[in-house]
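S.K.: Take a look at this one; I'll ask things after.
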C-alpha cells in the first residue's frame, strides 16, 4: 500500500507545542475541547486528497464558541504556532491538511443553526453545521440552500464557505459565494470582523465577505455566516440521453446554453464512467450499445414549465444525433436515473484507488477536454473516467490506479498534472470547485501569473502578517519558500 | 442658488501638475486625449451627488487603451499626483468627484465591445461601453445583461463595475458583481492584473474580481471586463396594486417573499411619490382615493408561468387589503404602468431640487422605513418621497428642497443623514447600490466599525501603498485624516 505523501513541504514550525501553549489552549476550549494525544491528532491530519502533503498536528482544538476561537487564535499568535482551520475534512485539495506542529482548529462543535428567517429568506449558522442538516432545517420552511457538494451529507458549511464549494446545482443556482450575505471571521489579531449584512443588497465598502469565501482558511476563521435562501424548487423532471460520440454530447450542451435553456442540473458521464456504473449497479445505461457519452438533465421549473424545458432539451439531443433520449416527470424514476451519476466514484473503486481532478473549461470545450483525457489515459495506461457538471463546464476526470504500486501512484500524479495543463490550454481553470490547498499551489501560480500571485501575497500579508493561518497553503508567501 | 459643496476635504495634493507631468501625460494619451484647460476640466469635477465635496482637477486624461492607462498610472505614481478614475459621471456618491490637483482618468473613450460569445453566454468589454449599448448588442443574440441602473442609457460599464451598480432587475437577477466573470485592472505599479476567468465556475485563489467590483476606483483602474450573460427573458406580465396603508403594502412584500415568489421586478412608491407622478403625468395612480402606497410587480417567466406568478401576487395583495389590483400581460400597457415608477424623480422637480438617498433594509422593515421617513419629513418640513426596490429592500427616500435657500439645503443634508441612521437602526445598510464615495465616508465607518475599517485600510495600503487611486474616497487612510 502506498502511503499518501507525508513529508511537510509547507511552513517551518515547531514540532512540539510546549506546556505553556497547551495550558492556554486548555483554558481556551476546556479539557474536553483539546486533543493532544499523538494517535488521536493523527485523525485530523488530512482531508480526502491523497496527493497533498500532510504533517503532524501538535494539537487539535474543538472550540464551541466564537470567544473560544478568539482565545485559541490569540494564544497561537503569541506563541508563533500556526493554525490550520478545518471542518469535517471532506475537502479534495489538502487545504485542511495539517503541517508539522500546528494547531488544527476544527469547527465541528460549532454546529448550531442560530436562526431561520423565512420572511427575509435567510439563515444564520455556525460553521460546523453539516450541509445536509441546514438543507433539512430550511426545507421545513419551504426554503432551499442550493450549494450541494457531493459530500453534502457530512461536509460542513464552514468548509463549504472556505472552499467556495459547488455541486450539481451550480448551473442554475451558483456556488457557495452566491448564497452568502455576511460573515463573522476571527482575524489573526483575535479581533472579530463582521462583513456583509442581512439585507439582499449592500455596497458599503469592499466586498470582504466574498474575499473570505474561498480563501481556504488562509485569512481567518469563519465563526458565523448569514446565508441567503431560495424558495424550494418544484419536483424536477429528468432526462437522460446517450450519444455515440463525445462531440455529439458536447454539441448538445452548447446548444442548450445557446438556446437560453437553464436546466437545474446537467451532468455528463463519459464511456469509462458509464461502464463502471453499469458494472457496479448491474444495469444498462448505454443501452448495450457501448455509448460514448451520457447526459442527465433536470428542470425544476415545475409542471408545464419543466416539461417544456425538458422537451426542448430532448429536441436538441435528437437534433445532434443522440442514440437514445428518455425523460420522466416521475420523481422516483428521476431519482433512480440520477443515482447512476452519483454512483460514478463508488463504482470506480472496483478498479483500485481513485484520484479525482477538478478543471473547469468553457462549456464549448467540454468535448475537447474529454477526448484529451482519453488520450492521456491511453498514454499512461491508466483508466481515467470523466464525469462532471456539463452545465457549467466543471469536469472531474478521475484517475484510477493500483494503490499497491508506487509506480502507478506516480503515474497517476503525472496524469493528474497533465489534465490540469490540458484544462488551462482549453481556456479553463485548474480548479472549478475543489480549491488549491496544498495540492495545486504551483498550478495556481501558473494560472494567475506573477502579478496575480503578488496581489495574493500582499493581501495575505496585510491581513495575516505573522502567517498564522494555514501557512503555505494555496500559495507560498515568498518565492524562496517554493518547492 | 446654493452651490454644491466645493471645499476639498479629502487628500492633500498639488494644485498644479507641472510641465514635466503634463508632457508625460501628453505622451501617454496623445494631445487630443489630454484636457488641461481650467474651464474644460471643471466639466469633470463631479458626479450627480450635490452633497459630496469636489475639488478642481489639474488635468483630465481620456485614454484609448490599456497601455495608455498604464502609462498614465506610471507617470502619476512617479509624480505623486493622485488619480480619480471615472466613467460617465452618473454616480450618486461623489466617488468620481475630483480632488484638487488630481488627474481625472475618464474611461469613456475605451468604449468597445470586444466580443460577444453566445455559446458560452459571455461578453468581453472595455469600461467605457454604455450600459444600454451593451444591452442592445447582446439582445441581438437573444441574450441579456441584467444590471439596469436608472442611468442605464448613459452610465458606463466601468462605473457600474466600480460601484457594483444595481437597478430594477436585482430582485431576480442580482447586482453587477453577480454578472462579472473576470477583470483586467491596472494597479498602482502600472502592472496589469488579470482576475477571474471565462468559465462559469472557478475557485483558483482569492476572489479578487469581486474585491475590485464595488471598490469605487480606490484600488486600480478597470480596463476590461468579462461579463456573464443570461437568456433574454420573456415579455413580462405587469401588476399594479394600491394600498390604503404602508403597513399593508409592506405585508404584501413580506408575503410575496415568504411564499417563494420571485418576480422580476417589485417596486414600491409612497404617497408623496404617487402624488408627484399624478401631478406630473396628469394621471390617477391612487384611483382618486389618496392611496398611501403603490406596488408594481413584473414576472418575466413567460406565458402561463408569468400569469400564475402574477395571479399569486394578486391574491396576496387582495388578502392583505389592497384597494385596487390590476394586472396585464399586454406589453405596451405594462410599459405604461412602469413609466409611472420611472417618472418619480423627474416628477419631484416641480417641488425644487432633489437629493436621493439609498438605504437597504431587511424586506420585513420596508414599512417601518417609509413611516420613519414620513416622520423625518414632518419634523424638517421637507417633502420626502420614498420610492424603491421593494423586492430587495433597497429604498430611495428622496428629499426635495428649495435650491435657492441655504437653510433648506442644510436641512436637507440633515434629513439625508437621519435617513441613514434610520436605515442602520432597522438592521439595514447605508448604501444598497449607490456607494460610499465622498458623501458617506463617516457612515461607512459607522456601519462597519473599527475592525472593518482597519481591514479596508490594510487592503488599500497593500494594493495602493502610495494612496494613488481616489485618495480619501470611501474611507480615510488614517484616523488623523478624518474630518
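The values are calculated or read from the model by the stated rules, or taken from the named source; none is laboratory data. All values reported here derive from a predicted model rather than from experimental measurement. Positions of Cβ are backbone-derived with ideal geometry, glycine not excepted, and every protein chain shown enters the neighbour counts.
S.K.: In the stretch A:368-389, how many residues are crowded, with 24+ Cβ neighbours inside 10 Å and under 14 Å from residue A:428 (Cβ atoms)?
M.R.: Residues in the stretch A:368-389 being crowded, with 24+ Cβ neighbours inside 10 Å and under 14 Å from residue A:428 (Cβ atoms): 6 in total.
S.K.: Here's something else I'd like to know. Against the definition (free of Cβ contacts under 8 Å to residues at least 40 places away in the same chain, under 26 Å from residue A:365 (Cβ atoms) and out of contact with any helix residue (DSSP H, G or I) (no Cβ under 9 Å at 6 or more places or on another chain)), how does residue A:244 come out, yes or no?
M.R.: Details: free of Cβ contacts under 8 Å to residues at least 40 places away in the same chain: no; under 26 Å from residue A:365 (Cβ atoms): yes; out of contact with any helix residue (DSSP H, G or I) (no Cβ under 9 Å at 6 or more places or on another chain): yes.
Here the answer is no, as residue A:244 does not meet what is asked.
S.K.: Hey, another quick one. Is it the case, given these coordinates, that residue B:403 is more than 9 Å from chain A (Cβ to nearest Cβ) and modelled with pLDDT under 95?
M.R.: Working: more than 9 Å from chain A (Cβ to nearest Cβ): yes; modelled with pLDDT under 95: yes.
Judged against the criteria, residue B:403 is a match.
S.K.: Moving on to the next point. Residue check: is residue B:453 under 25 Å from residue B:188 (Cβ atoms) and assigned to a loop (DSSP other than H, G, I, E, B)? Don't jump to the end; show me each part of the working.
M.R.: Details: under 25 Å from residue B:188 (Cβ atoms): yes; assigned to a loop (DSSP other than H, G, I, E, B): no.
Judged against the criteria, residue B:453 is not a match.
S.K.: Turning to a different aspect of this structure: Those residues that are surrounded by 14 or more Cβ atoms within 10 Å (Cβ to Cβ) and either in contact with a strand residue (DSSP E or B) (Cβ under 7 Å, 6 or more places away or on another chain) or modelled with pLDDT of 95 or more (or both), I need them from the stretch A:1-26; list them, please.
M.R.: Residues of the stretch A:1-26 surrounded by 14 or more Cβ atoms within 10 Å (Cβ to Cβ): A:2, A:4-5, A:8-11, A:13-14, A:17, A:21-22, A:24-26.
Of everything in the stretch A:1-26, those that are surrounded by 14 or more Cβ atoms within 10 Å (Cβ to Cβ) and either in contact with a strand residue (DSSP E or B) (Cβ under 7 Å, 6 or more places away or on another chain) or modelled with pLDDT of 95 or more (or both) turn out to be A:17, A:21, A:22, A:24, A:25, A:26.
S.K.: Please find, within the stretch B:205-216, the residue that is farthest from the other protein chains (Cβ to nearest Cβ) out of those that are under 25 Å from residue B:73 (Cα atoms) and assigned to a loop (DSSP other than H, G, I, E, B). Break it down into steps so the answer makes sense when it comes.
M.R.: Within the stretch B:205-216, the first condition is being under 25 Å from residue B:73 (Cα atoms), and the residues that meet it are B:206-216.
Add one more test, that the residue is assigned to a loop (DSSP other than H, G, I, E, B), and what stays is B:206-207, B:213-216.
Values: B:206: 6, B:207: 5, B:213: 7, B:214: 5, B:215: 6, B:216: 9 Å.
Checking each candidate, the answer is B:216.
S.K.: Out of (1) outside any helix (DSSP H, G or I); (2) under 30 Å from residue A:136 (Cβ atoms); (3) away from chain B (no Cβ under 12 Å), what's the single condition that is false for residue A:242?
M.R.: (2)
S.K.: Across the stretch A:390-408, what is the total count of residues that are buried (at least 22 other Cβ atoms within 10 Å of the Cβ) and not in a strand (DSSP E or B)?
M.R.: Qualifying residue count, the stretch A:390-408: 4.
S.K.: I'd like the full set of residues that are away from chain A (no Cβ under 14 Å), more than 26 Å from residue B:346 (Cα to Cα) and touching a residue at least 60 places away in the same chain (Cβ under 8 Å), limited to the stretch B:117-165.
M.R.: If the condition is that a residue be away from chain A (no Cβ under 14 Å), more than 26 Å from residue B:346 (Cα to Cα) and touching a residue at least 60 places away in the same chain (Cβ under 8 Å), then B:125, B:126, B:127 are the ones that fit.
S.K.: Test residue B:421 against the criterion of being closer than 18 Å to residue A:202 by Cα, modelled with pLDDT of 95 or more, away from chain A (no Cβ under 12 Å) and surrounded by fewer than 16 Cβ atoms within 10 Å (Cβ to Cβ), and give yes or no.
M.R.: Details: closer than 18 Å to residue A:202 by Cα: yes; modelled with pLDDT of 95 or more: yes; away from chain A (no Cβ under 12 Å): yes; surrounded by fewer than 16 Cβ atoms within 10 Å (Cβ to Cβ): yes.
It is true that residue B:421 is closer than 18 Å to residue A:202 by Cα, modelled with pLDDT of 95 or more, away from chain A (no Cβ under 12 Å) and surrounded by fewer than 16 Cβ atoms within 10 Å (Cβ to Cβ).
S.K.: Scan the stretch B:460-483 for residues that are in a helix (DSSP H, G or I) and surrounded by fewer than 21 Cβ atoms within 10 Å (Cβ to Cβ) and jot them down.
M.R.: Filtering the stretch B:460-483 for residues in a helix (DSSP H, G or I) gives B:460-463, B:479-481.
Of everything in the stretch B:460-483, those that are in a helix (DSSP H, G or I) and surrounded by fewer than 21 Cβ atoms within 10 Å (Cβ to Cβ) turn out to be B:461, B:462, B:479, B:480, B:481.
Rundown of residues vs (1) in a loop (DSSP other than H, G, I, E, B); (2) at pLDDT below 90; (3) under 24 Å from residue A:331 (Cα atoms), yes/no style:
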| site | (1), (2), (3) |
| --- | --- |
| A:233 | yes, no, yes |
| A:238 | no, no, yes |
| A:255 | no, no, no |
| A:266 | no, no, yes |
| A:272 | no, no, no |
| A:288 | yes, yes, no |
| A:295 | no, no, yes |
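S.K.: Same structure, new question: State which residue is nearest to residue A:172 (Cα to Cα) when the search covers only the stretch B:169-204 and only residues that are at the interface with chain A (Cβ under 8 Å from one of its Cβ atoms) and part of a helix (DSSP H, G or I).
M.R.: Here the residue is B:178.
S.K.: Same structure again: Taking the criterion of being more than 14 Å from chain B (Cβ to nearest Cβ) and free of Cβ contacts under 8 Å to residues at least 40 places away in the same chain, would at least one residue in the stretch A:104-116 satisfy it?
M.R.: Within the stretch A:104-116 (the criterion being more than 14 Å from chain B (Cβ to nearest Cβ) and free of Cβ contacts under 8 Å to residues at least 40 places away in the same chain), the answer is yes, since at least one residue qualifies.
S.K.: Then there is this: Being at pLDDT below 95 and farther than 23 Å from residue B:165 by Cα is the filter; apply it to the stretch B:425-483 and report the residue that is nearest to the other protein chains (Cβ to nearest Cβ).
M.R.: Once the filter is applied, the top-ranked residue is B:477.
S.K.: In the stretch A:345-356, is there at least one residue being within 14 Å of chain B (Cβ to nearest Cβ) and at negative phi?
M.R.: Restricting attention to the stretch A:345-356, the residues satisfying the condition of being within 14 Å of chain B (Cβ to nearest Cβ) are none.
No, because not a single residue in the stretch A:345-356 is within 14 Å of chain B (Cβ to nearest Cβ) and at negative phi.
S.K.: Name, by its number, the condition in (1) crowded, with 24+ Cβ neighbours inside 10 Å; (2) assigned to a loop (DSSP other than H, G, I, E, B); (3) in the same structural domain as residue A:265 (by TED's automatic domain parsing) that does not hold for residue A:412.
M.R.: Residue A:412 satisfies every listed condition except (2).
S.K.: Is it the case, given these coordinates, that residue B:312 is within 14 Å of chain A (Cβ to nearest Cβ), in contact with a helix residue (DSSP H, G or I) (Cβ under 7 Å, 6 or more places away or on another chain) and at pLDDT 95 or above? It would help to see each step written out before you state the result.
M.R.: On the way: within 14 Å of chain A (Cβ to nearest Cβ): yes; in contact with a helix residue (DSSP H, G or I) (Cβ under 7 Å, 6 or more places away or on another chain): no; at pLDDT 95 or above: yes.
Against the criterion (within 14 Å of chain A (Cβ to nearest Cβ), in contact with a helix residue (DSSP H, G or I) (Cβ under 7 Å, 6 or more places away or on another chain) and at pLDDT 95 or above), residue B:312 does not qualify.
S.K.: Can you tell me which residue within the stretch A:268-284, out of those that are touching a helix residue (DSSP H, G or I) at 6+ places or on another chain (Cβ under 7 Å) and buried (at least 24 other Cβ atoms within 10 Å of the Cβ), is nearest to the other protein chains (Cβ to nearest Cβ)?
M.R.: Within the stretch A:268-284, the match that is nearest to the other protein chains (Cβ to nearest Cβ) is A:268.
S.K.: A follow-up question, please. Can you confirm whether residue B:435 is farther than 25 Å from residue B:397 by Cβ, out of contact with any strand residue (DSSP E or B) (no Cβ under 8 Å at 6 or more places or on another chain) and either part of a loop (DSSP other than H, G, I, E, B) or free of Cβ contacts under 8 Å to residues at least 40 places away in the same chain (or both)?
M.R.: Details: farther than 25 Å from residue B:397 by Cβ: no; out of contact with any strand residue (DSSP E or B) (no Cβ under 8 Å at 6 or more places or on another chain): yes; either part of a loop (DSSP other than H, G, I, E, B) or free of Cβ contacts under 8 Å to residues at least 40 places away in the same chain (or both): yes.
Answer is no for this residue.
S.K.: Regarding residue A:262, is this residue facing another protein chain (nearest Cβ under 10 Å), surrounded by fewer than 20 Cβ atoms within 10 Å (Cβ to Cβ), touching a helix residue (DSSP H, G or I) at 6+ places or on another chain (Cβ under 8 Å) and assigned to a loop (DSSP other than H, G, I, E, B)?
M.R.: Working: facing another protein chain (nearest Cβ under 10 Å): yes; surrounded by fewer than 20 Cβ atoms within 10 Å (Cβ to Cβ): yes; touching a helix residue (DSSP H, G or I) at 6+ places or on another chain (Cβ under 8 Å): yes; assigned to a loop (DSSP other than H, G, I, E, B): yes.
Yes; evaluated as a whole, the condition is true for this residue.
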